[in-house]
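Worksheet: one structure, shown below.
The values are calculated or read from the model by the stated rules, or taken from the named source; none is laboratory data. All values derive from a computational prediction rather than experimental measurement. In this analysis, Cβ positions are derived from the backbone assuming ideal geometry, glycine residues included, and neighbour counts consider all displayed protein chains. Only protein heavy atoms, including side chains, enter the accessible area calculation; ligands, DNA and RNA are left aside. Shrake-Rupley method; radii C 1.70, N 1.55, O 1.52, S 1.80 Å.
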Amino acid sequence: MVLRRDRFDLPEGVIYLDGHSLGPLPRAVPARLTEVVREQWATEVVRAWNTAGWVSLPTAVGDRIAPLIGAPSGTVVVGDTLSIQVYQALAAAVRLRPGRRVILSDTGNFPSDLYIAQGLIDILRAEHTLRLVAPDEVEATIDETVAVVLLTEVDYRTGRRHDMARLTERAHAQGALTVWDLAHSAGALPVDVTQAGCDFAVGCTYKYLNGGPGAPAFIYVRPDLIGSVQPAIAGWFGHRAPFRFDVGYDPAPSIERMRIGTPAVLQMAALDAALDVFDAVSMHELRAESIALSERFIAEVETRCPQVSLASPRAPEARGATVSFAFDAGYPVMKALIARGIVGDFRAPNLMRFGFCPLYVTEADAVTAAEQLQSVITLEAWRQPEFQTTDRVT
Ligand SMILES: *Cc1c(COP(=O)(O)O)cnc(C)c1O
């Protein structure tokens, strides 16, 4: 069992099925933050950039994420937000394919990734196009006009999972590069960017990696590409020697060239402490248990709640760790569930999402969640007025 509930500070009586949105607080985090604030910031002040190693946190923490995504040490750096890292990776990939004009993605991709791609195309004076196809049409659409294939491995709404190795192979056969978004993969299932041959990968750390709200994102570049990548957001921390303050940009020879500006030290320290939870966790074991939990939940819900329909792929290997059910009143139902301590979330127009992370969710939790869903639906508890208003964040 990978169960480590005692490593998390979860509220009493809560079954937490929302790790795909914000991971729970690892118990090691508050003490680390206090240490960084009191013993580094308060005591060392500016000297802490050197004495406490703040300046190296982006690569040090990147090297801790690397094994979770199958990347060698020295190929991952942490910083900024995922949206920014999508831009940084995509722009760099487009620059490596100067003769090509198509960025290919799918209609299931996360909107921010698509908006970022469109925004980049706009500043490229619209000489490029964003071609969007249905997820199952991506493979057949990759041809020799495609510069970059930009995909999210696990769909944020349904958990549908792309075959990263196969699509990357197809892209390479057509001379295209890939940018993989691992937002719903890292920490949720085994990922192997090396075996899959990914060119660029990005992901966030506040979902299954439990780094906390606003935790910085990560970016991976295939080792043999690092030396030829020209960062579009060429910030001073990506310079070979930031403290030479040269007027011209000369990128660092390492993955550090993907860095931009001053790192968010407190967030990185929180993330660093959060990653301790993964020490000695086998991602294959975690995945097997996550599938067992999801399968049990689906079976329970389908027996108890004929009113809802499974929106996720039925085959477990075709899903990530999220299971979604469609129901017209999904939003008030989810609010009613949350009021009962079953915390999942909702994605428009009608999807109730439940994430199964076996580090803090048990099979008994999965059954209880299904029982409560049945109760909310059969008693129509979701019709109560307090569940009818829509919050700003769903
Ligand atoms: C969560 C998520 C994001 C969020 O990006 P931020 O910049 O961290 O807000 C982007 N892309 C995907 C695929 C996501 O799942």
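List the residue ranges in the chain for DSSP H helices whose C-alpha atoms run 24 angstrom or more along the long axis and whose Kyte-Doolittle average is -0.5 or above.
Working: long enough: 283-304 (31 Å, -0.25).
Taking the DSSP H segments of the chain (at least 24 Å long, mean hydropathy at least -0.5), we get 283-304.
Can you give the FRET efficiency for Arg47 and Arg244, using 1/(1 + (r/R0)^6), R0 = 25 Å, r = Cβ-Cβ distance, to the nearest 0.05? Don't jump to the answer; show the numbers that get you there.
Values: r = 20 Å, r/R0 = 0.81.
Computed FRET efficiency for Arg47 and Arg244 comes out at 0.80.
For a label point 7 Å from the Cα of Glu39 along Cα→C-beta, name the residues of region 228-263 whose backbone N is under 11 Å from it.
Inside the label zone: nothing.
Work out how much length Met1 to Glu127 would gain on full extension: take 0.36 nm times their residue separation and subtract the Cα-Cα distance, in nm to one decimal. Working shown, then result.
On the way: separation 126, 0.36 × 126 = 45.36 nm, distance 5.21 nm.
Net length gain for the segment: 40.1 nm.
In nm², what is the average projected area of the convex hull enclosing the Cα atoms of the chain? Don't skip to the end; give the middle numbers.
Numbers: hull surface 80.0 nm².
Dividing the Cα hull surface by four gives the mean projection, 20.0 nm².
Once amide H atoms are built 1.01 Å from N in the peptide plane, which residues 5 or more positions from Val202, or in another chain, come under 5 Å H to H?
Those qualifying (amide H under 5 Å, at least 5 residues apart or on another chain) are Trp180, Asp181, Leu182, Tyr220.
Going from the alpha-carbon gyration tensor of region 292-394, what semi-axes, largest first and in whole Å, does one get by taking the root of 5 times each eigenvalue?
Working: eigenvalues 88, 40, 35 Å².
Each semi-axis is √(5λ); the values are 21, 14, 13 Å.
Ignoring ligands, DNA and RNA, please state the percent of accessible area on region 219-271 from carbon and sulfur, probe 1.4 Å.
Working: 1420 of 2370 Å².
That fraction is 60 percent.
Within region 315-345, which residues have the backbone N less than 18 Å from the label spot 7 Å out from Glu380 along Cα→beta-carbon, could you tell me?
327-337
Under the √(5λ) rule applied to the eigenvalues of the Cα gyration tensor, what semi-axes describe the equivalent ellipsoid of region 118-174? Give them in Å, descending. Please report the intermediate quantities before stating the final value.
Numbers: eigenvalues 91, 49, 16 Å².
Those come to 21, 16, 9 Å.
Once you have the Kirkwood Rh of region 29-88 from its Cα pairs, apply Stokes-Einstein at 4 °C and 1.567 mPa s and quote D in µm²/s. Let's see the in-between values first.
On the way: Rh = 13.1 Å.
Diffusion coefficient, whole number: 99 µm²/s.
Given the peptides 352-359, 285-292, arrange them by the average over their residues of other C-beta atoms within 10 Å, most packed first.
Working: 352-359: 26.4, 285-292: 18.5.
In descending order of packing, they fall as 352-359, 285-292.
Find the centroid of the Cα atoms in region 94-122 and in region 3-61, then give the distance between the two in whole Å.
First find each Cα centre; the distance between them is then 34 Å.
I'd like to check one number: the per residue accessible area of the chain, probe 1.4 Å, reported in Å² as a whole number.
Values: 16190 Å² over 394 residues.
Dividing the accessible area of the chain by its residue count gives 41 Å².
Relative contact order, percent, of region 137-283 when contacts are C-alpha pairs under 8 Å separated by at least 6 residues?
Working: 229 pairs, mean separation 26.5, N = 147.
That works out to 18 percent.
Does a label point 7 Å from the Cα of Leu96, set along Cα-to-beta-carbon, have any residues of region 172-206 with amide nitrogen under 17 Å, and which are they?
Within reach of a label on Leu96: 172-182, 192-203.
Bins of 10 Å, beginning at zero and ending with the bin holding the largest distance: percent of Cα pairs per bin for region 48-122, please.
Reading the bins upward from 0: 16, 35, 33, 13, 3.
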